[in-house]
Amino acid sequence: MDNKPVKQSKMQEYSLTSASSIMNLSNELAKFIKDKKLCMNIQGKEYVLVEAWTFAGMSMGLCPVVTDLINESNSDEVKYRAVVELLNIHTNTVVGRGFAVCSNKEKGKKFFDEYAIASMAQTRATGKAYRLPLGFLMKAAGYEATPAEEMDFQSNTAEAPKQETPKQAAPPTPEPATDKQKELIVTLIQSHVFTDEEQAAVLDQVEGYSKTGAAKVIEKITKTMNERKAAEKEEAQAA
């Protein structure tokens, strides 16, 4: 039996002082975000979730530490404020800080449990802490430099009262094709220049045509029939 020790894989670390290291990390970060689906499309732009910001930060030895979680709730609102610091694990120094709040007064969070409100405050603070030192890196990876959770907060802080939109009148029912139009369509489509499939497709729909639609179909069938008959005539003359 082979008793050789199993080699432990080590997370590769990058440096902010090396341009090549930054570009390598941005490429790896872009792949990681795409593979793990860690971004959100908000108003046509791609914003990255905090898990990807943490991945980028830990790749550089920057660890998020929650240093404060303040309960600012009252009888009408559940609200928490969080403070997160970025600790450089190599030098044991604080290199960044983020503050954030979360409240059940925000849109979509009315029925959130208290622990979920507290957790979201910490999540947002983590994203804010990473945003300043690593925003450029996220841009290099092809994403927006603002954490997705922060955009969620900005778009939901004020829950506007719902306003009733005026009901729009239903569009008028199109006038059905006349019997004369239907008969003409049936006669035209039975020309030998049309395939069985083409004839079947038109005949299956003839009862559902509107007056305007039938006119367009008649025009199209007539044009196609004339073109094909002209082509047949040219072939016959050339033979």
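Computed from the coordinates by the stated procedures, all read-outs in this text should not be read as laboratory data. In this text, all values refer to a predicted model and were calculated from it rather than measured experimentally. In this analysis, Cβ positions are derived from the backbone assuming ideal geometry, glycine residues included, and neighbour counts consider all displayed protein chains.
For region 19-156, what does the alpha-carbon gyration tensor say about shape, rounded, prolate or oblate, given a ≥ b ≥ c as the root eigenvalues, a/c under 1.5 as rounded, and a/b over b/c as prolate? In terms of gyration-tensor shape, oblate.
Under 13 Å of direct C-alpha separation, and excluding same-chain neighbours fewer than eight residues apart, LYS180 reaches these aspartates and glutamates: GLU207.
Panel note: the C-alpha atoms of region 179-238, placed on their principal axes, show extents of 42, 20, 14 Å (largest first). Given a cut-off of 26 Å, name the pairs among LYS31/LYS128; LYS109/LYS139; LYS36/LYS139; LYS37/LYS79; LYS34/LYS107; LYS36/LYS128 whose C-alpha atoms lie farther apart than that in the structure shown. Flagged as over cut-off: LYS109/LYS139; LYS37/LYS79; LYS34/LYS107. Computed from the C-beta positions of ALA19 and LYS107, the FRET efficiency with R₀ = 35 Å rounds to 0.25.
Among 137-145, 120-128, sorting by the average number of other beta carbon atoms lying within 10 angstrom of each residue, highest first, gives 120-128, 137-145. Remark on MET60: its backbone amide H falls under 5 Å from those of TYR14, a criterion applied only to residues 5 or more positions apart or on other chains, H modelled at 1.01 Å from N. Here the gap between GLN205 and MET40, fully extended at 0.36 nm per residue and compared with their Cα-Cα distance, gives a gain of 55.1 nm. Averaging the sequence gap over all C-alpha pairs within less than 8 Å and six or more residues apart, then dividing by the number of residues, gives region 179-238 a relative contact order of 47 percent.
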